[in-house]
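For reference, the structure discussed in these notes is given below.
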Amino acid sequence: MESRIERLCVERGLKMTGQRRVIARVLSETGDHPDVEELYRRAAALDSRISIATVYRTVRLLEEKGILERRDFGGGRARYEPSEHGHHHHLIDVESGRVIEFEDAEHERVLAAIAARLGFDLVSHRLELFGRRRETASAPAAAEAPKGHRRAGVTR
């Protein structure tokens, strides 16, 4: 069965080799934001012929075609997620590197109001928060997310 990233690759005119298909499948099935080395480990576990150079080239090509987005969450390594992942933001735990995805309607309204006040229509924005988990019993449930990420809707 063809993965969603494989479909995007075909739609955007990329030649799909067997190794690219494996990499695309791994990216489609990931629930976190892997760096290239982690992506390589996962892909090589499925096909030992895949080299790290192939993963680097494929990731760069997928980024150029708008299929993947590069994220810098600190730590010196770029991490990736599918572009079609939907609009969301990230909270990065600076101690563990865990990434929590969230949406916040109030934040969206405030940004649109700021843009309007300055005479603009907001067309895009990105929010990455970096924090350290509180050591209190009253920490929000989203802080309990497993390593990787959690998509948490924040409503007010």
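The values are calculated or read from the model by the stated rules, or taken from the named source; none is laboratory data. In this text the structure is predicted, and so the values were computed from the model without any measurement. Positions of Cβ are generated from backbone atoms using ideal geometry, with glycine treated the same way; all protein chains shown enter the neighbour counts.
Quick grid of which residues meet (1) modelled with pLDDT of 90 or more; (2) in the same structural domain as ARG71 (by TED's automatic domain parsing); (3) not in a loop (DSSP other than H, G, I, E, B):
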site	(1), (2), (3)
ARG20	no, yes, yes
VAL26	no, yes, yes
GLY31	no, yes, no
ALA45	yes, yes, yes
ARG49	yes, yes, no
For this session: Go through segment 51-72 residue by residue and tally those that are among the small types (Gly, Ala, Ser) and assigned to a helix (DSSP H, G or I).
Result: 1
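Table: residues versus (1) assigned by TED's automatic domain parsing to the domain that holds LEU39; (2) in contact with a strand residue (DSSP E or B) (Cβ under 7 Å, 6 or more places away or on another chain); (3) at pLDDT 80 or above.
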residue: LYS65; (1), (2), (3): yes, no, yes
residue: LEU91; (1), (2), (3): no, yes, no
residue: ALA105; (1), (2), (3): no, no, yes
residue: GLU108; (1), (2), (3): no, no, yes
residue: ARG117; (1), (2), (3): no, no, yes
residue: LEU129; (1), (2), (3): no, yes, no
Exercise. Got at least one residue in segment 118-132 being in a helix (DSSP H, G or I), surrounded by 13 or more Cβ atoms within 10 Å (Cβ to Cβ), within 22 Å of the chain's Cα centre (by Cα) and in contact (Cβ under 8 Å) with a residue 12 or more places away in the chain?
Worked result: no
